[in-house]
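Novice: Could you have a look at this structure, given as structure tokens, before my questions?
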Amino acid sequence: AQSVTQPDIHITVSEGASLELRCNYSYGATPYLFWYVQSPGQGLQLLLKYFSGDTLVQGIKGFEAEFKRSQSSFNLRKPSVHWSDAAEYFCAVGAYDTGRRALTFGSGTRLQVQP
Amino acid sequence: EAGVTQSPTHLIKTRGQQVTLRCSPISGHTSVYWYQQALGLGLQFLLWYDEGEERNRGNFPPRFSGRQFPNYSSELNVNALELEDSALYLCASSPFGDRGNQPQHFGDGTRLSIL
């Protein structure tokens, strides 16, 4: 069974600073990987996805993520954080085997941005 | 393009009651997924429907059920409500896709509170 670990429950960064959110996954085949963001009281918004090909993927809002098979990681990065980026971020792996389409989510990382 | 819409946004019920949550997918999407986001338990997969059929379900008791209509909208029914059913219920949709490599797009959820 697949699993996702986000080791950082809470991260605080200053506005304008760089950001890296960690994600490690466990999956028996080539994974489909996603990052979602959730603002308070709202649903999940897809930031970016990795299916295959280039291991550095670009997403919305200036985010990018790098797939590293050797480390089973899919870390999310942003070079300069804005106050509006404060939210909870979820990494997910897709179980796209025949008959199964569930996403398995990490426990999330809450990002706080200091002025 | 309208996103995934869910109704109602909030519900308050008491133990033992029954509840129905509704979801309209993005136009052209045939797959609908339900997730539960409970405090302390994270995001957990409930059900996946496609073309009117239940394709997969997560590790939830049978009192959680649903259906998908010919227009691809979906309902989630929860019978005999328990206190631990208090959660945000998220609906997502995606195109089906031969390889399943279609990202899921989420609605804003229905917050269910059990008194």
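The values are calculated or read from the model by the stated rules, or taken from the named source; none is laboratory data. For clarity, every value in this text was computed on a predicted model and none was experimentally measured. FYI the Cβ positions are ideal-geometry reconstructions off the backbone, even for glycines, and counts take in every protein chain you see. Accessible surface areas use protein heavy atoms only, side chains included; no ligands, DNA or RNA. Shrake-Rupley method; radii C 1.70, N 1.55, O 1.52, S 1.80 Å.
Novice: Can you pull out the residues in region A:39-71 that are in contact (Cβ under 8 Å) with a residue 40 or more places away in the chain, open to solvent by 20 Å² or more (accessible area, probe 1.4 Å) and within 14 Å of another protein chain (Cβ to nearest Cβ)?
Specialist: The answer is A:Ser39, A:Pro40.
Novice: Search region A:72-83 for residues being outside any strand (DSSP E or B) and modelled with pLDDT of 95 or more, and hand back the single one that is least open to solvent (accessible area, probe 1.4 Å). Talk me through it step by step, then tell me what you get.
Specialist: Keep residues of region A:72-83 that are outside any strand (DSSP E or B), which gives A:72, A:79-83.
Then drop every residue that is not modelled with pLDDT of 95 or more, which leaves A:79-83.
Details: A:Pro79: 99, A:Ser80: 62, A:Val81: 3, A:His82: 78, A:Trp83: 162 Å².
Applying the filter and picking the extreme gives A:Val81.
Novice: Considering every residue within region A:13-32, establish whether at least one is of a type in the set (Val, Ile, Thr), farther than 29 Å from B:Asp50 by Cα, more than 12 Å from chain B (Cβ to nearest Cβ) and assigned to a strand (DSSP E or B).
Specialist: Checked against the condition, which is being of a type in the set (Val, Ile, Thr), farther than 29 Å from B:Asp50 by Cα, more than 12 Å from chain B (Cβ to nearest Cβ) and assigned to a strand (DSSP E or B), region A:13-32 yields at least one hit.
Results for (1) in a loop (DSSP other than H, G, I, E, B); (2) open to solvent by 90 Å² or more (accessible area, probe 1.4 Å), shown as yes or no for each residue.
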{"residue": "B:Gly40", "(1), (2)": "yes, no"}
{"residue": "B:Trp48", "(1), (2)": "no, no"}
{"residue": "B:Arg55", "(1), (2)": "no, yes"}
{"residue": "B:Asn59", "(1), (2)": "yes, yes"}
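Novice: Looking only at region B:1-12, which residues are open to solvent by 50 Å² or more (accessible area, probe 1.4 Å) and assigned to a strand (DSSP E or B)?
Specialist: Within region B:1-12, B:Thr5, B:Ser7, B:His10, B:Ile12 meet the criteria.
Novice: Turning to a different aspect of this structure: Sort out which residues of region B:61-80 are in a loop (DSSP other than H, G, I, E, B) and crowded, with 20+ Cβ neighbours inside 10 Å, and write them in order of number.
Specialist: Of everything in region B:61-80, just one residue is in a loop (DSSP other than H, G, I, E, B) and crowded, with 20+ Cβ neighbours inside 10 Å, namely B:Tyr72.
Novice: Now for a different question. Would you call A:Leu111 in contact with a Phe, Trp or Tyr (Cβ under 8 Å, 6 or more places away or on another chain), over 21 Å from B:Phe106 (Cα atoms), hydrophobic (A, V, I, L, M, F, W, C) and crowded, with 17+ Cβ neighbours inside 10 Å? Before you say what the answer is, go through the steps one by one.
Specialist: Values: in contact with a Phe, Trp or Tyr (Cβ under 8 Å, 6 or more places away or on another chain): yes; over 21 Å from B:Phe106 (Cα atoms): no; hydrophobic (A, V, I, L, M, F, W, C): yes; crowded, with 17+ Cβ neighbours inside 10 Å: yes.
Considered against the rule, which asks whether it is in contact with a Phe, Trp or Tyr (Cβ under 8 Å, 6 or more places away or on another chain), over 21 Å from B:Phe106 (Cα atoms), hydrophobic (A, V, I, L, M, F, W, C) and crowded, with 17+ Cβ neighbours inside 10 Å, A:Leu111 comes out as no.
Novice: Within region A:79-91, does at least one residue satisfy the condition of being within 14 Å of chain B (Cβ to nearest Cβ) and more than 15 Å from the chain's Cα centre (by Cα)?
Specialist: No; the residues of region A:79-91 include none that is within 14 Å of chain B (Cβ to nearest Cβ) and more than 15 Å from the chain's Cα centre (by Cα).
Novice: Six or more apart or on different chains, Cβ atoms under 7 Å: show the pairs whose first residue is in region A:101-115 and at positive phi and modelled with pLDDT of 95 or more and whose second is open to solvent by less than 30 Å² (accessible area, probe 1.4 Å) and of a type in the set (S, T, N, Q).
Specialist: Here the result reads A:Gly108/A:Gln6, each pair linking region A:101-115 to a residue that is open to solvent by less than 30 Å² (accessible area, probe 1.4 Å) and of a type in the set (S, T, N, Q).
Novice: Tally time: how many residues in region A:1-12 are in a loop (DSSP other than H, G, I, E, B) and exposed (fewer than 14 other Cβ atoms within 10 Å of the Cβ)?
Specialist: Final tally of qualifying residues: 3.
Novice: Considering only region B:65-109, state which residues are in contact with a Pro (Cβ under 6 Å, 6 or more places away or on another chain) and over 15 Å from B:Phe45 (Cβ atoms). Steps first, please.
Specialist: Going through region B:65-109, the residues in contact with a Pro (Cβ under 6 Å, 6 or more places away or on another chain) turn out to be B:72, B:93, B:102.
Correct list: B:Tyr72, B:Gln102.
Residues checked against (1) more than 9 Å from every other protein chain (Cβ to nearest Cβ); (2) touching a strand residue (DSSP E or B) at 6+ places or on another chain (Cβ under 8 Å):
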| position | (1), (2) |
| --- | --- |
| B:Gly3 | no, yes |
| B:Leu11 | yes, yes |
| B:Asp50 | no, yes |
| B:Pro61 | yes, no |
| B:Ser93 | yes, yes |
